[in-house]
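The values are calculated or read from the model by the stated rules, or taken from the named source; none is laboratory data. As the structure is a prediction and not an experimental result, all values here were calculated from the model. Note that we place each Cβ from the backbone using ideal geometry, even for glycine, and neighbour counts take in every protein chain shown.
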Amino acid sequence: MQTLWIISELFPPEETSTSYIMGEVANAAAREYAVHVIGGPEIYDRRKSIDREHPFPLDPSVRVIRAKGSRVDKNTLMGKVRSFLSISLRLYKLARRNIQAGDKVLLVTNPAPLVLLMARLRRRRPFRLTILVHDLFPENTVPAGLRMPAYGLVKRLFDQAYSRADKLLALGRDMADVLKQKTAGAVPIDIVENWADVNAIHPQPFPEGKVKLSFAGNIGRVQGLDKVIDRLPEGVELHFYGTGASEDRLKKKGARNVYFHGPFYLAQQEAVLGAAHASIVSLSDGMYGLGVPSKAYSIMAAGRPILYLGPENGEVGRLVKEYGIGYMGWPAQWDMEEMKAMGARARAVAETVYAKERMLSKLIKALA
């Protein structure tokens, strides 16, 4: 069997969405390849713990090599920079030591500096490099409100690095548009969307009482969550599940009817999403094509409508409009029967168009 190297800082038992996705990719790829994973520590966020009662069922044939982590706080700007650089170098050293000519490599775009390092290694060693683009750096620093020194130079370096890949995998149509511009059409681009795990997440009865909204996932800088809290309609509850760089700042707003519940395990996702009438997918202005929140597909699996607050022509916005599975912006009124109908359509789309096995098969074929 041919060797496939998966390089991702985040990998099970870590429970971020990227980790879960890459674990499932490794399992699917193990049917056709000898899969080796180069990953980071088992826990990315030290404020979280491993769910020992519900371990990720990783194929026993998958070999995992882990780089050591750092003790810096990744939720501060300087901590994030230091972590980015240190883990990138550690992952790169493992890649350089282990990857052989003729191997296949699937690289995830986090941490960002690793894209530059692996493109450099690709020039020196003839392996096939496929980049799975989860987010785009340095473009995403702009909507995050971060000042990037020598932004133009850094962008050119990353544009060149992406152009040296053999193939790019985009999570949506908007991202494919941006990647085509970024590489001047020099690299084949396949669109491979995330999926909905309809076997792990099932629709729950809608809650009684006042309208409840949830936001489950990374409470980060590019989600534009200030505008969500500031525009929350009177009498509507907003429940946050997760952690992130913006969590403490948002808590200090002291907004009424806004609740923070902290981190949760993937095994709790069904209950978390089922506790609300609708779930929010929010992105800052300027995030068109720079990321496709995977939470949208989990919301669909839970049979809940999506309240989308972001670039209108972004991938999630297109899904909401094309399938009638939620709201584009704040609705004028909350109609319970309408929300239930949207949720039912969302679940149907999750079971068919974005079923896990279908999307995984699409990704594995893209590696050929």
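Scan region 312-336 for residues that are at pLDDT 95 or above and touching a helix residue (DSSP H, G or I) at 6+ places or on another chain (Cβ under 8 Å) and jot them down.
Passing the criteria: G314, E315, V316, R318, L319, Y323, G324, I325, G326, Y327, M328.
In this structure, does A165 turn out to be without any contact (Cβ under 8 Å) to a residue 60 or more places away in the chain and surrounded by fewer than 18 Cβ atoms within 10 Å (Cβ to Cβ)?
no
Condition first: closer than 17 Å to L307 by Cα, without any contact (Cβ under 8 Å) to a residue 24 or more places away in the chain and either assigned to a loop (DSSP other than H, G, I, E, B) or of a type in the set (F, W, Y) (or both). Can you find one or more residues in region 232-247 that meet it?
Within region 232-247 (the criterion being closer than 17 Å to L307 by Cα, without any contact (Cβ under 8 Å) to a residue 24 or more places away in the chain and either assigned to a loop (DSSP other than H, G, I, E, B) or of a type in the set (F, W, Y) (or both)), the answer is yes, since at least one residue qualifies.
Looking only at region 322-337, count how many residues are surrounded by 14 or more Cβ atoms within 10 Å (Cβ to Cβ) and in a helix (DSSP H, G or I).
Qualifying residue count, region 322-337: 1.
Could you run through region 253-278 and say how many residues are out of contact with any Leu (no Cβ under 6 Å at 6 or more places or on another chain), over 26 Å from P55 (Cβ atoms) and either of a type outside the set (S, T, Y) or crowded, with 22+ Cβ neighbours inside 10 Å (or both)?
Qualifying residue count for the region: 7.
A quick yes/no check of all residues on (1) outside the structural domain of D230 (by TED's automatic domain parsing); (2) part of a loop (DSSP other than H, G, I, E, B); (3) in contact (Cβ under 8 Å) with a residue 12 or more places away in the chain; (4) closer than 30 Å to A29 by Cα:
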site	(1), (2), (3), (4)
D285	no, yes, yes, no
Y297	no, no, yes, yes
V316	no, no, yes, yes
M339	no, no, yes, no
R345	no, no, yes, no
L360	yes, no, yes, yes
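I'd like the full set of residues that are under 16 Å from Y44 (Cα atoms) and modelled with pLDDT of 95 or more, limited to region 89-136.
Matches in region 89-136: R90, L91, V108, T109.
Taking the residues in region 1-48 that are without any contact (Cβ under 8 Å) to a residue 60 or more places away in the chain and of a type in the set (A, V, I, L, M) as candidates, determine which candidate is surrounded by the most Cβ atoms within 10 Å (Cβ to Cβ).
The qualifying residue surrounded by the most Cβ atoms within 10 Å (Cβ to Cβ) is A26.
Working carefully through the options P138, P113, P149, find the one that is more than 22 Å from the chain's Cα centre (by Cα) and of a type outside the set (G, A, S).
Exactly one of P138, P113, P149 is more than 22 Å from the chain's Cα centre (by Cα) and of a type outside the set (G, A, S), namely P149.
Would you check which residues across region 172-185 are surrounded by fewer than 15 Cβ atoms within 10 Å (Cβ to Cβ) and assigned to a loop (DSSP other than H, G, I, E, B) and list them?
Answer for region 172-185, where residues must be surrounded by fewer than 15 Cβ atoms within 10 Å (Cβ to Cβ) and assigned to a loop (DSSP other than H, G, I, E, B): A184, G185.
Restricting to region 178-237, and then to whatever is under 18 Å from the mean Cα position of the chain (by Cα) and of a type in the set (D, E, K, R), can you tell me which residue is nearest to A368 (Cα to Cα)?
Result: D190.
Let me spell it out: the conditions are (1) part of a strand (DSSP E or B); (2) of a type in the set (G, A, S); (3) at pLDDT below 95, and S214 meets all of them except one. Which number is the exception?
Looking at each condition in turn, S214 falls short on (3).
Of everything in region 263-275 that's assigned to a loop (DSSP other than H, G, I, E, B) and at pLDDT below 95, which residue is nearest to S19 (Cα to Cα)?
Result: Y265.
Can you tell me which residue within region 279-295, out of those that are among the small types (G, A, S) and more than 17 Å from I325 (Cβ to Cβ), is surrounded by the fewest Cβ atoms within 10 Å (Cβ to Cβ)?
Per the criteria, the residue is G286.
Every residue in region 221-231 that is in a helix (DSSP H, G or I) and either of a type in the set (F, W, Y) or surrounded by fewer than 19 Cβ atoms within 10 Å (Cβ to Cβ) (or both), please.
Listed by number, the residues that qualify are D226, K227, I229, D230.
Can you name the number of the only condition in (1) at pLDDT 95 or above; (2) in the same structural domain as S294 (by TED's automatic domain parsing); (3) surrounded by 19 or more Cβ atoms within 10 Å (Cβ to Cβ) that P203 fails?
Just one mismatch for P203, condition (2).
For P188, all conditions in the list (1) more than 22 Å from L136 (Cβ to Cβ); (2) surrounded by fewer than 15 Cβ atoms within 10 Å (Cβ to Cβ); (3) without any contact (Cβ under 8 Å) to a residue 40 or more places away in the chain hold save one; what is the number of the exception?
(1)
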